[in-house]
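Asker: One structure, pasted below without further comment.
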Amino acid sequence: NLRCRSAFKLIEIDDRFKILKPGDTVLDCGAAPGSWTQVAVDRTNANGTKEGNKKGAVFSIDLLHFHAVPGATIFGGMDFTTAIAQQRLREALADRQVNCVLSDMAPNATGVRMLDQENIMGLCYSVLRFALAMSAINAHLVVKLWANGDISKLENDLGRFYEHVKRVKPESSRSDSAELFLVARQYKGIDAVKEV
Ligand code: SAM
């Protein structure tokens, strides 16, 4: 009863890198219709169904409105990149630090490759800035990109803040030939570098 096949991309990434565990707090950006959120709720035990395990928390945001996922806090109809959305997320997180930030966000394609690449990069940096401010030490980050652009700058920037950075093309993403994920693990903390 996963809402869409893209769930398998996150399942593959988590099976390989173990970025989600019971008790974790997760932020899922670009979450509609909610299948990554379903996986995150299950693996963090945000719905409390795994007895004897710590209960996690999942916060999910999308431009679109989408149906509730039991165990998750949903922010529908909100642009993640706006100050108002990020303020709402900070309020909801309260004193929780995030253990894993996920972004499967993609802008609408313009058809102009250079513009599309710039737009998705903009989303990635917006996610990174928020993650740097809100993450616990050793937290993880997953962002989606298009493989046809220059991703080495973002990769290097991630490498300043995270111990491990990997380019990942999940098996289940093969049909979506242009997409690629950067998986950054073990956040070193904002003091790791002076400026972004
Ligand atoms: N991971 C989701 C799942 O498994 O159900 C699928 C996500 S879909 C590929 C990408 C989503 O990113 C779209 O629903 C789109 O509305 C959202 N998105 C794009 N730009 C956004 C933004 N600035 N803020 C919030 N969501 C955004």
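Just so you know, all these numbers are worked out from the coordinates, no wet-lab data involved. Just so it is clear, the structure is predicted and the values come from calculations on it, not from any experiment. As a convention, Cβ positions derive from the backbone with ideal geometry for all residues, glycine included, and neighbour counts pool all protein chains shown.
Asker: Select from segment 150-193 the residues that are at negative phi, touching a residue at least 40 places away in the same chain (Cβ under 8 Å), surrounded by fewer than 15 Cβ atoms within 10 Å (Cβ to Cβ) and not charged (D, E, K, R) and list them in ascending order.
Answerer: If the condition is that a residue be at negative phi, touching a residue at least 40 places away in the same chain (Cβ under 8 Å), surrounded by fewer than 15 Cβ atoms within 10 Å (Cβ to Cβ) and not charged (D, E, K, R), then ILE190 is the only one that fits.
Asker: Related question: Given the structure, is GLY34 closer than 25 Å to GLU91 by Cβ, within 13 Å of the ligand (Cβ to nearest atom) and of a type in the set (Gly, Ala, Ser)? Full working, then the answer.
Answerer: Values: closer than 25 Å to GLU91 by Cβ: yes; within 13 Å of the ligand (Cβ to nearest atom): yes; of a type in the set (Gly, Ala, Ser): yes.
Yes: the conditions hold for GLY34.
Asker: Something else now. Considering only residues that are within 12 Å of the ligand (Cβ to nearest atom), over 10 Å from CYS29 (Cβ atoms) and in contact (Cβ under 8 Å) with a residue 40 or more places away in the chain, look in segment 75-95 and name the one that is nearest to the chain's Cα centre (by Cα).
Answerer: Checking each candidate, the answer is GLN86.
Asker: Another one. Here's a check for you: in segment 96-147, which residue that is buried (at least 19 other Cβ atoms within 10 Å of the Cβ), among the small types (Gly, Ala, Ser) and in a strand (DSSP E or B) is nearest to the ligand (Cβ to nearest atom)?
Answerer: Across segment 96-147, the extreme among qualifying residues is SER103.
Asker: Based on this model, can you work out whether ASP28 counts as of a type in the set (D, E, K, R), assigned to a strand (DSSP E or B) and either away from the ligand (no atom under 16 Å from the Cβ) or within 18 Å of LEU2 (Cβ to Cβ) (or both)?
Answerer: Working: of a type in the set (D, E, K, R): yes; assigned to a strand (DSSP E or B): yes; either away from the ligand (no atom under 16 Å from the Cβ) or within 18 Å of LEU2 (Cβ to Cβ) (or both): yes.
Here the answer is yes, as ASP28 does meet what is asked.
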